[in-house]
Structures are given as C-alpha cells and as structure tokens.
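The values are calculated or read from the model by the stated rules, or taken from the named source; none is laboratory data. Treat the numbers as computed from the prediction; the structure is a model and nothing was measured. Because the Cβ atoms are built from the backbone with ideal geometry, glycine has one as well, and the counts that use them run over all protein chains shown.
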Amino acid sequence: MVVVGIGTDLTYIPKIEKLLKDESAAKRVFHPSELKDTRPEHLAGVFAAKEAFFKALKKVPDWLAVEVVTKENGEPELRLMENGDYGNPNLKPMLSISHDGDYALAVLILTVKK
C-alpha cells in the first residue's frame, strides 16, 4: 500500500445541530444509514470523516459519494459508493474519529493498492 493522501477535520458539534434543523440539508450531506443515529456528536464525527476524505483527495465534497459505517467491533469505516466518482476499488481509506466537548475530530489516511 502507498499513502496518497492525509486529511483531518475538526467539526463544531453545534454546527451540525443547526444543520439537522433543515431536513433537506441533512439529506444532502448524510446517507439514510448515517441518519439512523441522529445524535449531533455522532453526525459531527461522520461529517468530519467525510470532510477529511475530501481533503485527502484534494477534491470538492460530494457528500453522498461516501458513507461512514460502524464495523461490528465499533471501528468507523468510510465506504466509497460504487456508482460515485470515488468508487476506485484500489483506494483504501483508514479512518479514526474522536470526540471531546463540542468537537469531533477525524483523521483519514488514504492509501492505494500497488
């Protein structure tokens, strides 16, 4: 694996609380699966993870082209939608999300299979 990008994002949880008040805006940013848990701190982590991914790629966000899921062991995983521009099967994002107070932080390392 070769590292092709690193992205970080710090998201202010009250910003996500405000976003959630506009249902149509929330649906433009979050997949229905991500909205199953509507806690603002959870969604701030999801938002930060997606933002970190787009920063790693140096691309403008296409929010629904990626989805953040939780593995059985509780680890977050970023999935690239197959029909999106980022559906390259060689891309492998490695993701970490953390929360503290009013903030959620995501760090993403983007690798590619050689």
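Screening residue 35 on (1) modelled with pLDDT of 95 or more; (2) part of a strand (DSSP E or B); (3) surrounded by fewer than 18 Cβ atoms within 10 Å (Cβ to Cβ); (4) among the aliphatic types (A, V, I, L, M) shows it passes everything except condition (2).
Residue-by-condition table, conditions (1) within 13 Å of the chain's Cα centre (by Cα); (2) under 21 Å from residue 114 (Cα atoms):
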site: 3; (1), (2): no, yes
site: 14; (1), (2): no, no
site: 26; (1), (2): no, no
site: 39; (1), (2): no, no
site: 44; (1), (2): yes, no
site: 49; (1), (2): yes, no
site: 70; (1), (2): yes, no
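Within the option set 91, 19, 64, 57, being at pLDDT below 95 and touching a helix residue (DSSP H, G or I) at 6+ places or on another chain (Cβ under 8 Å) holds for one residue only, 64. Look at (1) of a type in the set (Gly, Ala, Ser); (2) assigned to a strand (DSSP E or B); (3) free of Cβ contacts under 8 Å to residues at least 12 places away in the same chain and you find that residue 5 fails only one, number (3).
Look at residue 114 and say whether it is surrounded by 13 or more Cβ atoms within 10 Å (Cβ to Cβ), on the phi < 0 side of the Ramachandran plot and out of contact with any Leu (no Cβ under 7 Å at 6 or more places or on another chain). For residue 114, the condition - surrounded by 13 or more Cβ atoms within 10 Å (Cβ to Cβ), on the phi < 0 side of the Ramachandran plot and out of contact with any Leu (no Cβ under 7 Å at 6 or more places or on another chain) - is not met. Tally the residues that are of a type outside the set (A, V, I, L, M, F, W, C) and either more than 15 Å from residue 74 (Cβ to Cβ) or touching a Ser or Thr at 6+ places or on another chain (Cβ under 6 Å) (or both), restricting the search to the range 93-111. Going through the range 93-111 one residue at a time, the tally reaches 6.
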